[in-house]
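Enquirer: Provided herewith is a single structure, encoded as structure tokens, for subsequent inquiry.
Read the figures in this text as sums done on the coordinates, not as results from a lab. Here the structure is a predicted model, which is why all the values come from computation and not from measurement. Neighbour counts are summed over all protein chains in view; Cβ atoms, including those assigned to glycine, are modelled from backbone coordinates with ideal geometry.
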């Protein structure tokens with residue numbers, strides 16, 4: 001099966017309605033998809049307007065579901081979530097709104113659980129190297145450095 005080139009505005013609109021209905025998308029993803037379909041700028045603007053007006057596309061909804069999903073499923077910290085949302089050109093306001101989806105109690109509980117679980121998996125006998133591995137792992141996942149260093153000191157005291 002070959003990929004179709006040259007869509008009418010109506011065909012592209014229907015295709016993008018399905019694309020957005022399947023999963024929340026950010027504007028950047030949808031514009032990239034339309035460009036990949038060979039749509040011209042005026043058609044992209046028309047289709048984007050339609051998708052926003054008819055609530056197929058909503059950046060606030062996208063940001064909230066993205067933040068919830070990455071926190072609950074991938075156990076990402078707020079720094080990583082913010083970085084990824086910024087990379088998708090989400091506004092500061094929508095990023096702040098999205099972070100409110102994560103309760104403080106869930107946040108700290110998840111962090112504790114993740115740190116302890118990872119510390120149990122680290123086979124390093126040198127406490128300095130083990131501490132570094134834990135710190136690197138948690139920072140990469142976007143947890144705040146102060147929390148990470150305090151937890152590492154607690155789990156690997158000298």
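Enquirer: So how do 114, 128, 57 line up by other beta-carbon neighbours within 10 Å, fewest first?
Expert: Details: 114 18, 128 10, 57 24.
Final ranking by Cβ density, sparse to dense: 128, 114, 57.
Enquirer: If you average the alpha carbon positions of region 40-67 and of region 71-104, how far apart do those two centres end up, in angstrom?
Expert: So the separation of the two Cα centres works out to 19 Å.
Enquirer: Classify region 104-155: rounded, prolate or oblate, from the alpha-carbon gyration tensor (a ≥ b ≥ c, eigenvalue square roots; a/c under 1.5 rounded; otherwise prolate if a/b is larger than b/c)?
Expert: It is prolate, given that a/c is not under 1.5 and a/b is the larger ratio.
Enquirer: May I ask you to derive the relative contact order of region 9-158, considering only C-alpha pairs under 8 Å and at least 6 residues apart, and to give it as an integer percent?
Expert: In percent, rounded to a whole number, it is 22.
Enquirer: Largest first and to the nearest Å, give the Cα extent of region 9-53 along each principal axis.
Expert: Principal extents (Cα only, largest first): 24, 17, 16 Å.
Enquirer: Helix 41-53 against the longest principal axis of the chain: what's the angle in degrees, Cα atoms only, rounded to the nearest 10?
Expert: Between helix and principal axis, roughly 70 degrees.
Enquirer: Further question: If each Cα of region 59-99 is one equal point scatterer, what is log10 of I(q)/I(0) from the Debye formula at q = 0.22, 0.28, 0.30 Å⁻¹?
Expert: -0.56, -0.91, -1.04
Enquirer: Eigenvalues of the Cα gyration tensor times 5, then square-rooted: what semi-axes does that give for the chain, in whole angstrom, largest first?
Expert: 42, 16, 12
Enquirer: Can you tell me the 0 to 90 degree angle between the C-alpha axis of helix 78-87 and the longest principal axis of the chain, rounded to 10?
Expert: Result, in degrees: 30.
Enquirer: Then there is this: To the nearest 10 degrees, how steeply does helix 127-140 sit against the main Cα axis of the chain, on a 0 to 90 scale?
Expert: With rounding to tens, the tilt is 20 degrees.
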